[in-house]
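The block underneath contains the structure these notes are about, expressed in structure tokens.
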Amino acid sequence: MSPSLSVITTVVVGLMVGVEFSVAFVINPITLALPAPASMAARSHGARMMGRAMPFWYFGSLILTGVLAVTTWGTTASAAALAAAALLAVSVVMSIALLVPINNRSASWTDETYPEDWREQTQRWDNLHYIRVAIIVGAFVLVAVAAVSL
């Protein structure tokens, strides 16, 4: 197995976790403290921007971790890499089934068109996102364990 693959996988997954952690615990709390029109506009813009970038990052992380699991098969690193890939797969399914529908709705909100329950919808997204962050943090730890087990 190439040490480069383990480094690249660790960096890609780690950066994704960092971005999502920042969204959960820095960016979204800041936007929720803004007045309603500014908060809604910030969340809407973020939904559009992140909605374009994150699918590639999630699938890329999953693919890299899957390749890491395959290339380490039969070693002590393979179990950690396989478990990390499973957690990343859960995060992708969770994203598509639960978070993306809310994200897609919020991406179209404007000052004139946002729904009355927009804060409740964003709070639901945030609560689901906290769970997703915990899942991908676990995946990152397992990727790091696999990388140092080589």
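Throughout, read-outs are computed from the coordinates displayed, never taken from laboratory work. Bear in mind that the values here come from a model prediction, so they are computed numbers and not experimental data. Here the Cβ positions follow ideal geometry from the backbone for every residue, glycine too, while neighbour counts run over all protein chains shown.
On a full-extension model of 0.36 nm per residue, what is the gain between S22 and M49, subtracting their alpha-carbon distance, rounded to one decimal in nm?
This chain segment gains 8.2 nm when fully extended.
How far apart, in nanometres, would the label points at V137 and Q123 be if each is projected 7 angstrom from Cα along the Cα-to-Cβ direction?
A separation of 2.2 nm, rounded to one decimal place.
Pick out the long, greasy-scoring helices in the chain: whole DSSP H runs spanning 24 Å or more along their own axis by Cα, mean Kyte-Doolittle at least -1.0.
Helices passing the filter in the chain: 3-22, 36-71, 77-94, 118-148.
Full-extension gain between E116 and V11, please, as 0.36 nm times their residue separation minus the C-alpha to C-alpha distance.
Full-extension gain reported as 33.8 nm.
Based solely on C-alpha atoms, express the radius of gyration and the Dmax of the chain in angstrom.
Rg then Dmax for the chain, in Å: 17.2, 58.
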